[in-house]
Amino acid sequence: MRIALYQPDIPQNTGNIFRLAACLGVSVDIIDPAGFFFNDKRLQRSLMDYMDHLSFKRHVDWKTFYQWRIAHNYRLILLTTKSQKKYYEYKYQNNDILLFGRESAGVPEKIHQCVDERLLIPMQKGLRSLNVSSAVSMVTGEALRQLNSF
C-alpha cells in the first residue's frame, strides 16, 4: 500500500504525512508540482529526522504518475467529499494507492474520472474538510488494520 499526495500545498502537512508513513512503513508518492520547495524549513521541521526511514517517490506530473501506477498494477483510491462510500466500509488491498488532493483545491474532475474508487470520510454537515494529514492518518490506519500489517 502507498499514499499519494496530489500537488501538496502546505509543507507542514507533507512533513507530518512523511513522518507518519516512515513510522508505519508505507511509501509515499508526491505528484508535482508541489506548492513549496522540498528544502523548505517548515517541511524539515515537521519531518524532523525521519527522512532516512522514509520511502518516497516524486512524479513530475499527473500523467507520469498515472502511467507509473498502471505499469506497477496499483489500484488508485481517491479520498474525496464527492462520494457516498465510506472509507471504513471499503476492502483494501496491498496494491492500493490512497490518493489525497491538494489542501486548497482537492483534485480536478479529470482525476475523479480515472481512479478505481472514490471514498468518503463522513463528517458533520456544514463543514468542508479535515486537515489532509489527519485524513491520511485515519484512512491509512484503517487500511493497515484490515491488511493485518502490524
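The values are calculated or read from the model by the stated rules, or taken from the named source; none is laboratory data. Because the structure is a prediction, the values reported are computed rather than measured. Note that we place each Cβ from the backbone using ideal geometry, even for glycine, and neighbour counts take in every protein chain shown. All accessible areas refer to the heavy atoms of the entire protein, side chains included, with ligands and DNA or RNA removed. Shrake-Rupley method; radii C 1.70, N 1.55, O 1.52, S 1.80 Å.
The single condition among (1) touching a strand residue (DSSP E or B) at 6+ places or on another chain (Cβ under 9 Å); (2) exposed (fewer than 15 other Cβ atoms within 10 Å of the Cβ); (3) not in a loop (DSSP other than H, G, I, E, B) that ILE97 does not meet is (2).
Among the residues of region 71-94, those that are within 12 Å of VAL115 (Cβ to Cβ), outside any loop (DSSP other than H, G, I, E, B) and touching a Leu at 6+ places or on another chain (Cβ under 9 Å) comprise LEU76, ILE77, LEU78, LEU79. Condition first: part of a helix (DSSP H, G or I), in contact (Cβ under 8 Å) with a residue 60 or more places away in the chain and either hydrophobic (A, V, I, L, M, F, W, C) or out of contact with any strand residue (DSSP E or B) (no Cβ under 7 Å at 6 or more places or on another chain) (or both). Now tell me which residues in region 107-140 satisfy that. Listed by number, the residues that qualify are ILE111, VAL132, SER133, VAL136, SER137, VAL139.
Quick check: is even one residue across region 55-62 in a helix (DSSP H, G or I), under 17 Å from the mean Cα position of the chain (by Cα) and surrounded by fewer than 18 Cβ atoms within 10 Å (Cβ to Cβ)? Checked against the condition, which is being in a helix (DSSP H, G or I), under 17 Å from the mean Cα position of the chain (by Cα) and surrounded by fewer than 18 Cβ atoms within 10 Å (Cβ to Cβ), region 55-62 yields at least one hit.
Tell me, please, whether a residue that is within 17 Å of ALA34 (Cβ to Cβ), surrounded by 15 or more Cβ atoms within 10 Å (Cβ to Cβ) and within 15 Å of the chain's Cα centre (by Cα) can be found in region 117-132. Among the residues of region 117-132, at least one is within 17 Å of ALA34 (Cβ to Cβ), surrounded by 15 or more Cβ atoms within 10 Å (Cβ to Cβ) and within 15 Å of the chain's Cα centre (by Cα), which makes the answer yes.
Taken across region 78-87, residues that are crowded, with 19+ Cβ neighbours inside 10 Å, over 19 Å from GLY141 (Cβ atoms) and touching a strand residue (DSSP E or B) at 6+ places or on another chain (Cβ under 6 Å) do not occur at all. Determine, yes or no, whether HIS72 is more than 18 Å from GLY15 (Cβ to Cβ) and either open to solvent by less than 20 Å² (accessible area, probe 1.4 Å) or in contact with an Asp or Glu (Cβ under 7 Å, 6 or more places away or on another chain) (or both). Answer is no for this residue. Every condition in (1) free of Cβ contacts under 8 Å to residues at least 60 places away in the same chain; (2) under 24 Å from GLY25 (Cα atoms); (3) hydrophobic (A, V, I, L, M, F, W, C) is met by PHE65 except one, and the failing one is (1). So, of the residues in region 11-46 that are buried (at least 21 other Cβ atoms within 10 Å of the Cβ) and farther than 25 Å from ARG75 by Cα, which turns out to be modelled with the lowest pLDDT? Checking each candidate, the answer is LEU43. For region 24-38, indicate whether the set of residues that are among the hydrophobic types (A, V, I, L, M, F, W, C), free of Cβ contacts under 8 Å to residues at least 40 places away in the same chain, farther than 21 Å from SER104 by Cβ and in a loop (DSSP other than H, G, I, E, B) is non-empty. No, that holds for no residue.
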